[in-house]
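The values are calculated or read from the model by the stated rules, or taken from the named source; none is laboratory data. Small disclaimer: the values here were computed from a predicted structure and weren't measured. Because the Cβ atoms are built from the backbone with ideal geometry, glycine has one as well, and the counts that use them run over all protein chains shown.
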Amino acid sequence: MKDHIADRAGFLAALSAEDPERKLAEDHARGCPGCREALEEGHQLVALLQRARPPAAAPALEAPRLGMAARQVAWVATGGVAVAWLFQLMVGSGFVITARSVVVSLAVLAVALGVVTFLRERGRLAVTAVVATSGLFAYLSGTAAGFDPGIGIRCAFRELWAAAIAWGIVVLVARRAGVSFGRWNAAAVAAAGALAAHAGQHLACEVPHSDAHLMIFHFGAVVLAALVGAAAAERRGPQTA
């Protein structure tokens, strides 16, 4: 190459190191101080542009890890809801177990598990499904009159404890896994935990068929759990919905 390359140094520096035209330019620059200086400046400019460019491969590499973490959180949510049901059975004191009551309790538990498994990305729908299930469950189970506030306060307290267990487990794992956990998802997990406890109360409550008791203390605790779960998520800082 006999022609000087100073006016094309930036273009040549951006070519692959194996490109024939760049090799010819570098051979010429060895014997031409002006072109050598221009080519070095071109190399510096290319290096600066490469450092300034955002890494395009990072999101693609990060996506599989985040997907695995989200699935892990979903499994933990399922386990947390199951633990909420078992917790209610452990602390219950009024066991009246029949084949029908066991089937009904497990069916409602299945709804709670299904919500956190299949509706984990649709928080509002999940909360709606849980609250509607709890309300219908309480309404259909109430076959006798009764309020029983002393027992009711204890029942509601136990449901809220179960919800807190499920909510705490899931939020802790989500934070450690770097998974965003919005207020609706938090509300859904807390409500599902309370619904699981509501299902457990069908076996362990001392007055499992008192209509006012079920609506105020059992169903009311599920609604309260959803509200508290959402509020607690808000206080933890900005979240995605």
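The table below lists the values:
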item: Matching option when the condition is touching a Phe, Trp or Tyr at 6+ places or on another chain (Cβ under 8 Å), in the same structural domain as residue 161 (by TED's automatic domain parsing), at pLDDT 95 or above and small (Gly, Ala, Ser), among 199, 230, 204; result: 199
item: Condition broken by residue 188, with the remaining ones in (1) modelled with pLDDT under 90; (2) not in a loop (DSSP other than H, G, I, E, B) satisfied; result: (1)
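Conditions tested, residue by residue: (1) over 21 Å from residue 126 (Cβ atoms); (2) acidic (Asp, Glu); (3) surrounded by fewer than 21 Cβ atoms within 10 Å (Cβ to Cβ).
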residue: 139; (1), (2), (3): no, no, yes
residue: 166; (1), (2), (3): no, no, no
residue: 192; (1), (2), (3): no, no, no
residue: 206; (1), (2), (3): yes, yes, yes
residue: 215; (1), (2), (3): yes, no, yes
